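The values are calculated or read from the model by the stated rules, or taken from the named source; none is laboratory data. Quick caveat: nothing in here was measured; it's all calculated off a predicted structure. Cβ atoms come from the backbone with ideal geometry, glycine included; neighbour counts cover every protein chain shown. We work out accessible area using only protein heavy atoms, side chains counted, and drop any ligands, DNA or RNA first. Shrake-Rupley method; radii C 1.70, N 1.55, O 1.52, S 1.80 Å.
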Amino acid sequence: MSPSPAPLADVELIVPLHPKGTAAPLVCLHASAGSAYSYLPLAQLLGPEQPVWGVEAPGFDGSQAPVSSVPELAARYTAALREAVPAGPVHLLGWSLGGLIAFDMARRMAEAGAEVGRVILVDTSPPYVVPMPPEPEIVRRFLHEIAASLGLDIPAEIDALAAASGEEASAVFEEIGRLRSWPPELDAELLSDRYAVFHAHAEAAHSYGPPGPYGGPVWHLLAEKSPPQDGRWAELLPDLTERQVPGDHHTVWQGDSLQQLAAHVRSALSGPARPRTN
């Protein structure tokens, strides 16, 4: 996957979610928030023989600087994965930004002659180079993602605070900590650290223009309530299978939606290999 060893710090970004089993490992790439543990409920539904590893973003634990480039993230994770899984095929899965990283990793691995199993995208927007949104909009998206991950239903309060913030994200984090429904452990300092990672990943997503297609088998699991997508993925992925999962971008990870998502992942991983088209 990479001719040179990965730094030890990057190898440590690969974390066990369900490390036991004899099947080819499934490697789950973090979304914009940077945590690998959003995939833990999925890992618990894939069966005892399916090893599952997560990849945590640089900067998430404060020991490295955040990275604002999909190609740089993909290159570093590919090298780290080579150290952690030195032989045999691996499957790649990514939700949201993680899908872009998985796509870029699959291209790199295939070009290097490494074995790539399935690539599974979960509600991943097609890659386009577009301008960054205004700062209040990035803050709003960040807080919505935090709230959704915690099951908090406070969108109106978040929207009002973000709209009033101007360019001062820290002021929003101070104010939101005063909401009675907001967890006190998510204080302004921790939110600022997490936001630095999220902001870098927003830059990565908005600046990513893929250099070409990937011809291996890819499944895309789309949230039914997400906005419809154009045909960009079909252009980049000639061997594409699409399935819908009930819910929106965040609720696909909950309840019956998660059960259905896991069933599709199991189907993707157990299906027969198909010829490469690139």
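How do the pairs read when you match residues in the stretch 30-42 that are open to solvent by 10 Å² or more (accessible area, probe 1.4 Å) with residues anywhere that are β-branched (V, I, T), using Cβ under 9 Å and keeping only pairs 6 or more apart or on different chains?
S32/V197; A33/I146; A33/V197; Y37/V15; L40/V52
Taking the condition of being open to solvent by 50 Å² or more (accessible area, probe 1.4 Å) and outside any helix (DSSP H, G or I), how many residues in the stretch 167-185 meet it?
7
Take the residues in the stretch 127-153 that are surrounded by 16 or more Cβ atoms within 10 Å (Cβ to Cβ) and not in a helix (DSSP H, G or I); name whichever of them is nearest to the chain's Cα centre (by Cα).
P127
Here are some conditions: (1) on the phi < 0 side of the Ramachandran plot; (2) buried (at least 22 other Cβ atoms within 10 Å of the Cβ). D123 meets all but one. Which one does it not meet?
Among (1) on the phi < 0 side of the Ramachandran plot; (2) buried (at least 22 other Cβ atoms within 10 Å of the Cβ), D123 violates only (1).
Are there any strands (runs of 3 or more DSSP E) wholly within the stretch 6-70 with 3 or more residues that are basic (K, R) and out of contact with any strand residue (DSSP E or B) (no Cβ under 7 Å at 6 or more places or on another chain), and if so which?
Those strands (runs of 3 or more DSSP E) do not exist here; none qualify.
Considering A204, A164, A188, A196, which residue is of a type in the set (A, V, I, L, M), out of contact with any strand residue (DSSP E or B) (no Cβ under 8 Å at 6 or more places or on another chain), in contact (Cβ under 8 Å) with a residue 12 or more places away in the chain and open to solvent by 30 Å² or more (accessible area, probe 1.4 Å)?
Result of the check over A204, A164, A188, A196: A196.
Which pairs turn up if I take residues in the stretch 236-247 that are under 23 Å from L258 (Cβ atoms) and look for partners that are basic (K, R) and not in a strand (DSSP E or B) with beta carbon separation below 7 Å, at least 6 apart in sequence or on another chain?
Within 7 Å, the pairs are G247/K225.
May I ask you to verify whether E111 is open to solvent by 50 Å² or more (accessible area, probe 1.4 Å) and under 20 Å from S270 (Cα atoms)?
No, not satisfied.
Would you check if S69 is of a type in the set (S, T, Y), touching a helix residue (DSSP H, G or I) at 6+ places or on another chain (Cβ under 6 Å) and surrounded by fewer than 18 Cβ atoms within 10 Å (Cβ to Cβ)?
Criteria met by S69.
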